[in-house]
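Since the structure comes first, as structure tokens, the remarks are kept for the end.
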Amino acid sequence: MTVIPSAVPVVLILTSLVPALLTFAVPEDKRWIRTTLNLGGALAKVALVAVLIPFVLQGEQLRAEFAWIPGLPIVFVTDAFSLFFVALSAGLWLATTIYAIGYLEGAPNRSRFFGFFSLCVTATTGIALAENLVTFLIFFELLTLVTYPLVAHRGTAQALRGARTYLGYTLVGGVVLLLGVAWLTFEVGPVEFSPGGIPAVIEFAQRDPVSATIIGALLLTGVGVKAALFPLHGWLPVAMVAPAPVSALLHAVAVVKAGAFGIIRVVEDTFGLQTASDLGLLTVLAAVASVTIVYGSVRALSQDDLKKRLAYSTVSQVAYIALGAALLSPLATAGAVAHMVNQGFMKITLFFCAGLYAEELGLSKVSQLAGVGRRMPLTTAAFTVAALGMIGLPPLAGFVSKWALGVGGLEAGQPWVVAVLLTSTMLNAAYFLPVVIAMWTKPPVRSEAGGAAPDIADPVDEDELSGEGAGGEPVRRLEAPAALLLPALATAVVVVGLGIAAGWEYSPWSIARIIADGAWP
């Protein structure tokens with residue numbers, strides 16, 4: 001491995017930070033300036049990541065260090081795992097930015113929204129590139145602060161209540177994380193992530209296992225709040241009051257993924273898998289993750305609000321990552337890392353579609369979705385692909401990571417993992433398949449103003465569905481604006497590609513295998 005001092009990691013952060021700061025100053029009516037800033041930043045970040053991937057996979061790391069408090073530098077590095085997370089956030093940021101431009105067309109406070117939107121990606125990039133725990137902590141807490149205005153964006157009483165709940169959970173989690181970081185730093189000095197575990201932390205755990213166990217529990221609890229592990233998940237369904245692009249960002253790109261990324265950093269790059277296992281941390285983490293997987297799926301079953309059903313699905317699916325990180329198996333580790341990307345693309349597709357149904361048809365309830373496949377076939381096709389991927393149907397993305405986690409569980413001598421995954425898969429099918437079947441096979445129903453429950457006995461006129469009234473005049477647009485529809489279709493195509501092309505040397509699955517092998521030196 002070659003480490004090269006470079007400003008490139010900082011440039012990666014600046015590609016979203018600069019557009020964010022400039023966007024705050026853009027007048028509301030200057031739509032093209034705002035669009036150029038945000039799309040330009042997103043494209044620049046994607047291009048830079050694409051250039052860096054081959055170099056990092058060849059063992060070259062770019063590193064930038066800044067003096068801060070004596071003994072606690074701010075350090076950024078482009079190792080394989082950090083670039084993996086940056087690539088995920090960059091790709092989905094681009095898709096979400098395009099979607100948000102269409103979604104918020106004509107809405108108030110767009111400059112404020114896109115400013116905080118880009119700051120959110122800036123914080124996520126900082127988390128990904130952090131080489132030590134202190135840098136990670138700073139950007140982890142920055143993510144909390146810049147995401148709060150997005151959840152509260154609509155300014156309604158419900159939005160403000162949801163934002164306060166989100167802020168309360170994540171700030172408490174941040175304090176717990178701070179305690180863990182401060183204590184571990186006091187014991188061993190600067191904590192710089194290292195695949196397989198930091199030698200000083202491993203030596204400390206052998207010398208004082210009780211303190212090391214408590215510190216490990218503090219760190220995992222702190223990051224577990226953002227990962228929405230049970231019983232720390234309460235903020236996630238409440239935060240669904242946010243606009244659809246924010247929900248997509250929370251579930252697929254930023255907050256929950258930052259928590260899952262943090263779990264892997266703590267387990268594999270701080271304590272090391274063997275030391276974390278010896279301290280009993282992996283046993284507790286696996287138990288919590290398994291309960292969360294089943295709990296989230298069971299709660300999703302009873303949700304009629306589509307976004308809340310997807311939110312509880314996220315609670316369950318992100319716990320797959322924690323479960324894989326808790327197993328002593330390289331294959332399970334690879335499955336956990338790959339699921340960060342796979343779940344991200346599947347879930348962002350579902351939230352894009354949920355936003356499309358709400359914006360175009362005024363439908364936000366599962367019970368209202370019968371027949372939407374005839375009104376919005378492309379959107380429903382994208383929803384179907386992502387839902388089947390969530391269930392784990394081959395050859396879609398979800399199958400790859402679920403298969404790796406199951407076989408990894410067997411490899412680790414933990415056959416109960418297969419039972420957990422099968423239970424979750426059946427529950428996934430129970431809360432997705434009836435919806436998909438109703439979308440395609442049941443007669444369309446007329447939605448009422450304000451998204452009220454439709455009258456099932458009052459089917460939509462077939463002439464309306466054809467786009468023409470009795471006199472031949474156009475009466476309804478069948479699909480959505482391109483800015484809303486194309487991102488959903490593109491991410492759905494990626495869900496298929498992630499499964500079919502898993503064997504490609506630059507696929508997320510192949511790179512996840514490389515990252516996992518590094519955790520087992």
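List the number of the failed condition for I138; all other conditions in (1) more than 30 Å from P243 (Cα to Cα); (2) modelled with pLDDT of 95 or more; (3) of a type outside the set (K, R); (4) open to solvent by 20 Å² or more (accessible area, probe 1.4 Å) hold.
Answer for I138: the failing condition is (1).
Which condition number in (1) open to solvent by 10 Å² or more (accessible area, probe 1.4 Å); (2) β-branched (V, I, T); (3) within 27 Å of A228 (Cβ to Cβ) is the one that V188 fails?
Exception for V188: condition (3).
Can you tell me which residue in segment 148-159 is farthest from R112 (Cα to Cα), limited to those that are open to solvent by 40 Å² or more (accessible area, probe 1.4 Å) and in contact with a helix residue (DSSP H, G or I) (Cβ under 9 Å, 6 or more places away or on another chain)?
Start the filter on segment 148-159 by keeping residues that are open to solvent by 40 Å² or more (accessible area, probe 1.4 Å), which leaves 148, 154-158.
If we keep only those that are in contact with a helix residue (DSSP H, G or I) (Cβ under 9 Å, 6 or more places away or on another chain) as well, we get 148, 154, 156, 158.
Working: Y148: 12, R154: 12, T156: 16, Q158: 20 Å.
Looking at the filtered set, the residue picked out is Q158.
Can we say L422 is of a type in the set (A, V, I, L, M, F, W, C), surrounded by fewer than 20 Cβ atoms within 10 Å (Cβ to Cβ) and under 15 Å from Q343 (Cα atoms)?
Details: of a type in the set (A, V, I, L, M, F, W, C): yes; surrounded by fewer than 20 Cβ atoms within 10 Å (Cβ to Cβ): yes; under 15 Å from Q343 (Cα atoms): no.
Judged against the criteria, L422 is not a match.
I'd like to check something: does segment 198-205 contain any residue that is open to solvent by less than 50 Å² (accessible area, probe 1.4 Å), in contact (Cβ under 8 Å) with a residue 24 or more places away in the chain and under 30 Å from V11 (Cβ atoms)?
Yes, that holds for at least one residue.
Could you list, in sequence order, the residues of segment 330-347 that are under 19 Å from V385 (Cα atoms) and either surrounded by fewer than 24 Cβ atoms within 10 Å (Cβ to Cβ) or of a type in the set (G, A, S) (or both)?
A338, G344 - these are the residues of segment 330-347 that are under 19 Å from V385 (Cα atoms) and either surrounded by fewer than 24 Cβ atoms within 10 Å (Cβ to Cβ) or of a type in the set (G, A, S) (or both).
Take residues that are within 28 Å of S194 (Cα to Cα) and open to solvent by 20 Å² or more (accessible area, probe 1.4 Å) and tell me which of the helices (runs of 4 or more DSSP H) falling wholly in segment 218-294 contain 3 or more.
Once the helices (runs of 4 or more DSSP H) in segment 218-294 are filtered for at least 3 residues that are within 28 Å of S194 (Cα to Cα) and open to solvent by 20 Å² or more (accessible area, probe 1.4 Å), what remains is 273-278.
Residue check: is L301 crowded, with 24+ Cβ neighbours inside 10 Å and over 12 Å from H251 (Cβ atoms)?
So L301 does not fit the description; no.
Run L327 past the list (1) open to solvent by less than 10 Å² (accessible area, probe 1.4 Å); (2) touching a Phe, Trp or Tyr at 6+ places or on another chain (Cβ under 7 Å) and report the number of the one that doesn't hold.
In the conditions (1) open to solvent by less than 10 Å² (accessible area, probe 1.4 Å); (2) touching a Phe, Trp or Tyr at 6+ places or on another chain (Cβ under 7 Å), L327 misses (2) alone.
Looking at A20, A25, A44, A7, can you tell me which residue is open to solvent by 40 Å² or more (accessible area, probe 1.4 Å) and within 25 Å of the chain's Cα centre (by Cα)?
Testing whether each residue is open to solvent by 40 Å² or more (accessible area, probe 1.4 Å) and within 25 Å of the chain's Cα centre (by Cα) leaves just A44.
Does A67 fit the bill of being open to solvent by 40 Å² or more (accessible area, probe 1.4 Å) and assigned to a strand (DSSP E or B)? Working first, answer last.
Numbers: open to solvent by 40 Å² or more (accessible area, probe 1.4 Å): yes; assigned to a strand (DSSP E or B): yes.
For A67, the condition - open to solvent by 40 Å² or more (accessible area, probe 1.4 Å) and assigned to a strand (DSSP E or B) - is met.
Listed here are the residues, each with its yes/no results for (1) of a type in the set (V, I, T); (2) open to solvent by less than 10 Å² (accessible area, probe 1.4 Å).
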{"residue": "T349", "(1), (2)": "yes, yes"}
{"residue": "F352", "(1), (2)": "no, yes"}
{"residue": "G362", "(1), (2)": "no, no"}
{"residue": "V372", "(1), (2)": "yes, yes"}
{"residue": "T380", "(1), (2)": "yes, yes"}
{"residue": "G398", "(1), (2)": "no, yes"}
{"residue": "A412", "(1), (2)": "no, no"}
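Pull out all pairs, ordered by first then second residue, where Cβ-Cβ is under 6 Å, the residues are six or more apart or on different chains, the first lies in segment 291-320 and is under 21 Å from A336 (Cβ atoms), and the second is at pLDDT 95 or above and β-branched (V, I, T).
That search, which allows pairs on different chains as well, returns I293/V420; V294/T423; S316/I293; A319/T292; A319/I293.
One line per residue, one yes/no per condition, for (1) among the charged types (D, E, K, R); (2) part of a helix (DSSP H, G or I); (3) open to solvent by 30 Å² or more (accessible area, probe 1.4 Å):
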site	(1), (2), (3)
F85	no, yes, no
S89	no, yes, no
L94	no, yes, yes
Y99	no, yes, no
G102	no, yes, no
G106	no, no, yes
S111	no, yes, no
C120	no, yes, no
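Pick out the one residue from G408, G389 that is over 25 Å from P243 (Cβ atoms) and either touching an Asp or Glu at 6+ places or on another chain (Cβ under 8 Å) or surrounded by 24 or more Cβ atoms within 10 Å (Cβ to Cβ) (or both).
Selected residue: G408, the only one of G408, G389 that is over 25 Å from P243 (Cβ atoms) and either touching an Asp or Glu at 6+ places or on another chain (Cβ under 8 Å) or surrounded by 24 or more Cβ atoms within 10 Å (Cβ to Cβ) (or both).
The values are calculated or read from the model by the stated rules, or taken from the named source; none is laboratory data. Just so it is clear, the model here is predicted, and its values are computed rather than measured. Neighbour counts are summed over all protein chains in view; Cβ atoms, including those assigned to glycine, are modelled from backbone coordinates with ideal geometry. Note: areas computed on protein heavy atoms with side chains; ligands, DNA, RNA excluded. Shrake-Rupley method; radii C 1.70, N 1.55, O 1.52, S 1.80 Å.
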